[in-house]
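The values are calculated or read from the model by the stated rules, or taken from the named source; none is laboratory data. Everything numeric in this text was worked out from a predicted model, so none of it was measured. Cβ atoms come from the backbone with ideal geometry, glycine included; neighbour counts cover every protein chain shown.
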Amino acid sequence: MALRARGRTGEGRGRSARSQPARPPGSDTRGHPSPRGRVVGAEGLEGVVLRYGALYGPGTSFSDDGTVTQDVRRRRFPLVGDAGGVWSFVHVEDAAGATVAAVERGAPGIYNVVDDDPATVAEWLPALAAALGAKRPRRVPAFVGRLAVGEHGVVMMTDVRGASNAKARRDLGWEPLHPSWREGFKDALNP
């Protein structure tokens with residue numbers, strides 16, 4: 001079983017402001033075989049790949065004392081550019097439940113382990129700040145963000161696509177206990 005957190009590809013929900021370039025299935029951005037492509041496409045090997053959304057809850061960077069939440073409280077995690085990147089989240093309890101379901105009943109394939117509610121950074125980051133009792137995040141232009149966090153960081157804030165959990169729900173019989181980060185953030189974080 002291969003595990004991966006926060007991928008750019010998958011069963012997108014079409015909410016990204018920009019389209020992604022086409023590439024061969026099972027390859028990375030340079031056309032090289034990706035780990036999931038090697039697992040799923042390997043001869044004589046049946047592989048299950050779980051692609052987790054951004055994990056939140058105890059022990060994560062999105063926990064009450066996590067690095068992301070500390071940066072949000074200090075206003076060091078700004079909205080970058082149009083903040084149109086679409087993120088998918090999953091509570092750690094739901095990630096564990098999906099992992100158990102995949103081990104027990106997962107057919108070979110790729111499964112997105114995410115909640116039901118992908119959202120733009122412009123939606124979830126201010127909501128996270130509110131759940132923490134923090135001030136609204138600052139907004140910076142993409143070129144300023146690029147200086148601070150590089151191209152990958154800007155892509156995560158502006159271009160990343162969300163994912164759908166439909167295949168995991170259907171094929172694994174999995175249902176998230178926390179169907180939306182909107183309630184999950186409020187429940188998991190103490191201001």
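Considering region 116-135 alone, what residues qualify as being surrounded by 22 or more Cβ atoms within 10 Å (Cβ to Cβ) and at positive phi? Hits for region 116-135: nothing passes. Of all residues in region 136-152, which are among the small types (Gly, Ala, Ser) and exposed (fewer than 15 other Cβ atoms within 10 Å of the Cβ)? Selection gives Ala148, Gly150.
Yes or no, residue by residue, for (1) assigned to a helix (DSSP H, G or I); (2) more than 19 Å from Met156 (Cα to Cα); (3) not β-branched (Val, Ile, Thr):
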residue	(1), (2), (3)
Phe62	no, no, yes
Asp94	yes, yes, yes
Thr99	yes, yes, no
Ala102	yes, yes, yes
Ile110	no, yes, no
Ala130	yes, yes, yes
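Looking across region 132-179, just one residue is in contact with a Ser or Thr (Cβ under 8 Å, 6 or more places away or on another chain), farther than 15 Å from Val80 by Cα and either β-branched (Val, Ile, Thr) or assigned to a helix (DSSP H, G or I) (or both), and that is Leu132. Can you say whether Lys167 is basic (Lys, Arg), exposed (fewer than 15 other Cβ atoms within 10 Å of the Cβ) and either more than 22 Å from Glu46 (Cβ to Cβ) or under 18 Å from the mean Cα position of the chain (by Cα) (or both), as far as the supplied structure shows? In short, no.
Of note, Val39 does not satisfy the criterion of being surrounded by 13 or more Cβ atoms within 10 Å (Cβ to Cβ) and modelled with pLDDT of 95 or more. The residues on offer are Val92, Val113, Val72, Val80, and the sole one that is buried (at least 20 other Cβ atoms within 10 Å of the Cβ), more than 17 Å from Ala129 (Cα to Cα), touching a Pro at 6+ places or on another chain (Cβ under 9 Å) and not hydroxyl-bearing (Ser, Thr, Tyr) is Val113. Being over 23 Å from Thr69 (Cα atoms), outside any strand (DSSP E or B) and either free of Cβ contacts under 8 Å to residues at least 60 places away in the same chain or not hydroxyl-bearing (Ser, Thr, Tyr) (or both) is a condition met by no residue of region 120-127.
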